[in-house]
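*Asks:* Okay, here's the structure, questions in a sec.
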Amino acid sequence: MCSSDLQNAVDEVFEAVHKADLYSIVNFTFVPFGNAYFNTKKCYHPQYERQIGLSCWIRECENPSTSASDCFTAPLLCQHGTDECKENLIEACVLAHYADSKTHLPFLECYEGQRSDHHGNLAKCADMNGIDADKVTQCASGSEGTDATVANAKATVALGSAKLGTPWILINGKSYQGSNLKRAICEAYTGTAPPGCHKGDLGTPL
């Protein structure tokens, strides 16, 4: 998932949720899978191919009742290569062990924000955020990490062709394509607005 677009999205989420302290009104879910897909027999292509391989995988595997048996067991291909697959796996394991977004969101901001050699910065970003790097590494090297990746794949493919790219941000199930995420979150919330949603903090008047 490590691209400039994703990094910008993580930065935007970090600014909107963490720095504005909107945790009380946000149920934040991060799915580190991006435009990856399982290279099934029916959709096979010798290398990553978004228009052929990814589109075919979505079409053939989005419906659990009709999907092929290798939809989530075939070789995994990631858009930006094997390093991206490793990074997604690390993030999946962090999320599996640290469900509190106040812990994993700052980790993601650190990990995605390094720009290069992300998986080499696991120890640094984990230490900064109270995360056990050894536990994460153990998860990533075994069946637990595989299960987390499959769960992320199923959550992603369930969006079908509605997901037009990565990152893909949803607010209350609807695609966010705006330029002020904090404002969009605050406008979607129907309860008493927390301090981070005060008019002066949103960049533009409500």
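The values are calculated or read from the model by the stated rules, or taken from the named source; none is laboratory data. These numbers come from a predicted model, not from an experiment. All Cβ positions, even for glycine, are placed from backbone atoms using ideal geometry, and neighbour counts span all protein chains on display. Just the protein is used for accessible areas: all its heavy atoms, side chains included, with ligands, DNA and RNA removed. Shrake-Rupley method; radii C 1.70, N 1.55, O 1.52, S 1.80 Å.
*Asks:* Mind checking the dipole of segment 49-206: about its Cα centre, +1 per Lys or Arg Cβ, -1 per Asp or Glu Cβ, Debye to the nearest 20?
*Replies:* The dipole magnitude comes to about 660 debye.
*Asks:* Sticking with this one: Over all directions, what mean area does the Cα convex hull of the chain project, stated in square nanometres?
*Replies:* Mean projected area for the chain: 12.0 nm², to one decimal.
*Asks:* If you don't mind, another one. To the nearest 10 Å², what's Thr40's accessible area with a 1.4 Å probe?
*Replies:* In the full protein context, Thr40 sits at about 0 Å².
*Asks:* In addition: Less than 24 Å apart at the alpha-carbon level, and either on another chain or at least 8 residues along: which lysines does that give for Lys124?
*Replies:* The qualifying lysines are Lys19, Lys86, Lys102, Lys135.
*Asks:* What does the accessible area per residue of segment 1-102 come to in Å², with a 1.4 Å probe and no ligands, DNA or RNA counted?
*Replies:* 51 Å²
*Asks:* Right, another one. Which residue, Asp147, Asp134, Asp83, tops the fluctuation ranking in a GNM of the chain built on C-alpha contacts under 10 Å?
*Replies:* Asp134
*Asks:* Okay, next question. With runs of 4+ DSSP H residues as the only contributors, calculate the mean residue ellipticity of the chain at 222 nm using -39,500 (n - 2.57) per run, divided by the residue total and rounded to the nearest 500.
*Replies:* -12000 deg cm²/dmol
*Asks:* Next question. Using packing as a proxy for protection, rank 163-175, 96-108 so that the peptide with the highest average count of other Cβ atoms within 10 Å comes first.
*Replies:* Top to bottom by mean Cβ count within 10 Å: 96-108, 163-175.
*Asks:* I need the shape label for segment 110-189. Rule: rounded when a/c is under 1.5, else prolate if a/b > b/c, else oblate, with a, b, c from the alpha carbon gyration tensor.
*Replies:* Note, shape of segment 110-189 comes out oblate.
*Asks:* Now for a different question. Would you check the accessible area of Tyr176, probe 1.4 Å, heavy atoms only, in square angstrom rounded to 10?
*Replies:* 30 Å²
*Asks:* Given a 1.4 angstrom probe, I'd like the percentage of the accessible area of the chain that is carbon and sulfur, rounded to a whole number.
*Replies:* Looking at the chain in its full context, I get 49 percent from C and S.
*Asks:* Can you tell me the equivalent ellipsoid semi-axes for segment 54-130? Use √(5λ) from the Cα gyration tensor, largest first, whole Å.
*Replies:* 30, 15, 9
*Asks:* Of His18, His80, His45, which has the most accessible area and how do the rest follow, probe 1.4 Å?
*Replies:* My answer, sorted largest first, is His80, His18, His45.
*Asks:* Right, something else. Toward the positive end of the charge dipole of the chain, about the Cα centre and with charges on Cβ (Lys, Arg +1; Asp, Glu -1), which of Leu95, Ser55, Ala140 goes farthest?
*Replies:* About the Cα centre, the residue reaching furthest to the positive side is Ser55.
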